[in-house]
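Here is the structure we will look at.
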Amino acid sequence: MAAEAISRALRDGALEGEHAPALTIKDSIHAPLGAFVFDHILAQLSSNISSSKSQAQGIVLVAFARSPQFYAELLKSKANDAASLKKWLRIVDCYTDPLGWKSQLAESGIVSNRSTQNATTASLCKNVRDLDMLFSSIVELGKEVIRETKGRFAVAIDSVSEILRHASISSAASLLSNLRSHDQVACLFWLFHSDLHEMKASSALEYISSMVACVEPISNTANGKGMNSENLPLIEQNLGRGKFSVRFKRRNGRIRLMSEELHTEQMGINFVPAFEDYVTSQSLVPKVQFNLQLSEKERNDRAKVVLPFEHQGDGKPIQIYDGRRSVSESKTENKETNAEKMHVNEDSGRGEIIYIRDSDDEMPDSDEDPDDDLDI
């Protein structure tokens with residue numbers, strides 16, 4: 001199944017000398033189930049880390065869309081106690097005070113500074129516009145969770161769309177690319193609301209990713225038009241289930257496609273085959289603008305071509321054309337010889353090649369082997 005294949009890829013992590021696997025989870029208003037998929041992937045990876053089955057020894061979670069307390073409760077509901085979470089989970093809190101306004105009001109005495117105690121260690125980010133500082137915070141927390149060893153940690157970002165509200169596409173892509181190429185990052189994944197941004201933003205994220213998971217509506221809601229009361233049944237239907245398709249990029253440049261159906265349940269989501277599972281491979285080479293297939297007439301014309309090594313069957317002696325003039329043609333045709341290149345010795349009936357150097361600076365041929373110094 002597609003969801004299981006994603007979990008295995010994130011669990012196995014990065015190979016030596018290669019970038020970490022990266023997953024983009026895409027959804028839209030017509031199928032707003034991306035947060036459920038993000039929570040499911042996060043819970044699966046957390047389970048593998050807590051049981052020491054993953055390459056990553058911990059997770060650094062960047063919380064933009066929901067509070068750190070929400071994720072602490074979510075992971076505790078998946079049979080993780082608070083003591084265990086503090087060992088392998090760190091959270092960069094970009095939700096509480098993303099632009100530092102609350103801190104400024106607290107310093108001026110306008111409001112009281114109320115800090116909430118979470119079940120995990122959360123680092124407050126007061127300026128989400130500074131992506132360099134955000135990158136440094138993620139790396140520092142990652143090194144803290146692996147206790148300064150040579151191990152690796154995973155990175156999860158619950159909303160790249162929130163980053164793009166305050167930063168450019170190039171800055172956000174640079175942040176993700178730097179995280180993926182970091183030698184201590186085992187894997188990373190993020191959620192992206194594709195219908196809130198331009199196509200170039202989605203293309204940039206897909207280019208960085210090694211896996212792209214799309215949540216699409218099963219029913220075509222409003223056919224791209226405005227929603228009205230007639231479309232409400234379809235909208236409600238897409239809130240409960242959707243099509244989940246995943247595209248895997250392989251190292252050899254080919255793509256693997258998998259698809260299934262997801263349903264929301266009380267305890268999360270469930271993935272079921274919507275139809276017979278299929279796995280296809282296609283090349284990354286773009287489609288050409290000409291036909292590579294032969295027509296019936298072209299195949300017949302090709303079959304009528306007599307190759308030089310084929311027997312003619314007409315009773316004449318077989319002569320194989322080797323690219324030179326035939327003997328009969330050479331007797332009847334007057335030959336014009338080039339005195340500078342070829343002279344024919346009439347006495348012997350043989351031809352000899354006379355080479356004239358272009359200049360005196362050209363070194364004459366040597367009897368020594370030019371490759372004699374090679375140790376083969």
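The values are calculated or read from the model by the stated rules, or taken from the named source; none is laboratory data. Predicted model, so just to flag it, every value in this text is computed and none were measured. Virtual Cβ from ideal backbone geometry, glycine too; neighbours counted across all protein chains shown. For the accessible areas, the whole protein counts, side chains as well, though only heavy atoms, and no ligand, DNA or RNA atoms are used. Shrake-Rupley method; radii C 1.70, N 1.55, O 1.52, S 1.80 Å.
Summing charges over neighbours of residue 267, with a neighbour being any other residue whose Cβ is under 13 Å away from its Cβ, gives -1 when K and R count +1 and D and E count -1. The gain in end-to-end length when the residue 170 to residue 67 segment is fully stretched comes to 34.4 nm, 0.36 nm per residue minus the alpha carbon separation. Taking the square roots of 5 times each eigenvalue of the Cα gyration tensor of the range 130-202, largest first, gives ellipsoid semi-axes of 25, 12, 10 Å.
Residue 202 contributes about 10 Å² of solvent-accessible surface, heavy atoms of the protein only, 1.4 Å probe.
For residue 261, the accessible area of its heavy atoms, probed at 1.4 Å with every protein chain present, is near 30 square angstrom. When the residues 133, 258, 267 are ordered by accessible surface, computed with a 1.4 Å probe over the protein chains alone, the sequence from largest down reads 267, 133, 258. With 27 Å as the limit, the listed pairs 53/150; 76/143; 53/126; 200/243 have 53/126 beyond it between alpha carbons. Around residue 12, under 12 Å between beta carbons, what's the net of Lys plus Arg minus Asp minus Glu among the other residues? Taking every other residue near residue 12 into account, the sum is +3. At the residue level, residue 298 shows approximately 90 square angstrom of accessible surface with a 1.4 angstrom probe and all protein chains present.
Across the accessible surface of the range 1-94, with the other protein chains kept in place and a 1.4 Å probe, carbon and sulfur atoms take up 49 percent.
Taking amide H as placed 1.01 Å from N in the peptide plane, the amide H of residue 62 sits under 5 Å from that of 92, 156, 157, 158, each at least 5 places away or on another chain.
Going by accessible surface with a 1.4 Å probe and the largest first, 214, 187 read 214, 187. The simple spin-label model puts a point 7 Å past each Cα toward its Cβ; for residue 5 and residue 177 those points are separated by 2.7 nm.
Sorting 29, 353, 218, 157 on solvent-accessible area from highest to lowest, probe radius 1.4 Å, gives 353, 29, 218, 157. The distance separating the Cα centre of the range 52-111 from that of the range 244-269 comes to 27 Å.
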